[in-house]
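Report on one structure; see the data block that follows.
Read-outs: derived from the displayed coordinates by stated rules, not from any lab. Owing to the predicted nature of the structure, the values given are computational and were not obtained by experimental measurement. Virtual Cβ from ideal backbone geometry, glycine too; neighbours counted across all protein chains shown.
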Amino acid sequence: MADTAGVTITWLGHAAFLLEAGDTRVLVDPFLTGNPTATVTAEEVDPTVILITHAHNDHVGDALAISKRTGAKIIATNELGVYLGKQGADAVGANIGGTVAFEGGTVKFVAAVHTSAFDDGTEFVAPGAAAGLVVRLAGKTVYLAGDTALFGDMALIGTEGLDVAIVPIGGHYTMDPSDAVLAVGLLHPVVAIPCHFNTFPMIEQDADVFATNVSAGTDAVPVVLVPGESHIV
Ligand code: NI
Ligand code: MN
């Protein structure tokens, strides 16, 4: 259960996270069905709000079905939000630089260097920007980088005052571990959590090497979770 004194961050596998504080349950990038590392099913989660970084299928995941089942509002970048709204979700389309309030907290959409489109099985739809998320709840600030390359303006995101930075380290589609260490240096969070690795053979990485280099090269404390595990801040 969520610790009312802080935020419980649970890695559900790949880029899917659950942030819990009191009665607020924020589900991010809920790729569960078809995710070989997922620790819960789409039927088992009960979020109060769903956030999506970008339209790629390994991030949108089960968002539509979960939103329809639970009534949880989806907040996403604009074209994806509009697309999911047309599919019957209660969805809000925001955009980079904007902050959207939800019950219990806020999310600010920030830059990510990546692409974004949803493959509906026939064609790519819902094009638009890929984003990172700065989530504030229970007095804590959690940055979820989404899928991104390393970029210098991560230093600006660091001025948000990050308790936690969740960064992809898988390489191939995103930063690899060495670029992710540089990212943590720019973001200067209190805690750095890696994700988006070891889901598929193409993104196999040794997170312990990332952790060692974060400890050696930055002021952040690395926290390597296994899918299903939580960290409380
Ligand atoms: Ni992606
Ligand atoms: Mn991805």
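Full extension from E160 to K68: what is 0.36 nm times the residue separation minus their Cα-Cα distance, to one decimal in nm? Write out the running numbers ahead of the final one.
Working: separation 92, 0.36 × 92 = 33.12 nm, distance 3.28 nm.
Extra length from E160 to K68 when fully extended: 29.8 nm.
Could you pull out every residue, at least 5 positions away or on a different chain, whose amide H is within less than 5 Å of the one on C195? Hs are placed 1.01 Å off N in the peptide plane, and Pro or chain starts have none.
V167, I169
Roughly how far apart, in whole Å, are the Cα centres of region 90-115 and region 6-29?
16 Å
Determine ³J(HN,Hα), in whole Hz, for all residues of region 214-221 in sequence, where each value follows from phi through the Karplus function 6.51 cos²θ - 1.76 cosθ + 1.60 and θ = phi - 60°; x replaces Gly and Pro.
Listing the rounded values in order: 5, 4, 6, x, 9, 8, 7, 9 Hz.
So which lysines can K86 reach, going by Cα to Cα under 25 Å and dropping same-chain residues fewer than 8 places off?
Excluding near neighbours in sequence, the set is K68, K73, K108.
Size of the dipole of the chain about the Cα centre, Lys and Arg at +1 and Asp and Glu at -1 on the beta carbon, nothing else charged, in debye to 20?
Details: 8 positive and 26 negative charges, 113 e Å.
That gives a dipole near 540 debye.
If we sort 68-79, 219-230 on the protection proxy, mean other Cβ atoms within 10 Å, highest first, what's the order?
Values: 68-79: 19.9, 219-230: 15.8.
Listed from highest to lowest mean packing, they are 68-79, 219-230.
Just subtract the alpha-carbon distance of T99 and F151 from 0.36 nm times their residue separation and send over the number in nm, one decimal.
Values: separation 52, 0.36 × 52 = 18.72 nm, distance 2.12 nm.
Answer, rounded to one decimal: 16.6 nm.
Using helices alone, what [θ] at 222 nm do you get for the chain, with -39,500 (n - 2.57) per DSSP H run of 4 or more residues, divided over all residues and rounded to the nearest 500?
One gets -5500 deg cm²/dmol as the mean residue ellipticity at 222 nm.
Could you give me the ³J(HN,Hα) list for region 42-54, computed from phi with Karplus coefficients 6.51, -1.76, 1.60 and θ = phi - 60°, whole Hz, x at Gly and Pro?
Running phi through 6.51 cos²θ - 1.76 cosθ + 1.60 with θ = phi - 60° gives 4, 7, 8, 8, 9, x, 9, 7, 10, 10, 10, 6, 6 Hz.
Using modelled amide H (1.01 Å from N, peptide plane; none on Pro or chain starts), what sits under 5 Å from the amide H of V92, excluding residues fewer than 5 places away?
Close amide H contacts, sequence-distant or interchain: I74, I75, A76.
What is region 108-217 by shape, rounded, prolate or oblate, if you read a ≥ b ≥ c off the alpha carbon gyration tensor as root eigenvalues and call it rounded for a/c under 1.5, prolate for a/b larger than b/c, and oblate otherwise? Please list the in-between numbers first.
Numbers: a/c = 2.02, a/b = 1.23, b/c = 1.63.
Since a/c reaches 1.5 but b/c is at least a/b, the shape of region 108-217 is classed as oblate.
Considering just Cα atoms, how many Å³ per residue does the convex hull of the chain enclose? List each step's numbers first, then the result.
Working: hull volume 24.2 nm³, N = 233.
Here the figure is 104 Å³ per residue.
Give the long-range amide H neighbours of H56: residues separated by 5 or more places, or on another chain, with amide H under 5 Å away, using H modelled in the peptide plane at 1.01 Å from N.
Amide H neighbours of H56: A117.
What distance in nm separates the simple spin-label points at V125 and T212, each placed 7 Å from Cα in the Cβ direction?
Between V125 and T212, the label points sit 4.7 nm apart.
Please sort 29-35, 158-164, 144-150 by packing, taking for each peptide the average over its residues of neighbouring beta carbons within 10 angstrom, highest first. If you can, show how the numbers build up before the last one.
On the way: 29-35: 21.6, 158-164: 17.1, 144-150: 24.7.
Final packing ranking: 144-150, 29-35, 158-164.
Once phi is turned into ³J(HN,Hα) by the Karplus curve 6.51 cos²θ - 1.76 cosθ + 1.60 with θ = phi - 60°, what whole-Hz value does each residue of region 60-77 show in order, with x for glycine and proline?
So the Karplus estimates, Gly and Pro as x, are 5, x, 9, 4, 5, 5, 5, 4, 5, 6, 9, x, 5, 6, 9, 10, 8, 5 Hz.
Please build a GNM for the chain, connecting alpha carbons under 10 Å apart, and tell me which residue among H56, H114, H14 fluctuates the most.
Maximum among the listed residues: H114.
Would you give the gap between the C-alpha center of region 186-205 and the C-alpha center of region 127-185, rounded to a whole Å?
Using only Cα atoms to place each centre, the spacing works out to 10 Å.
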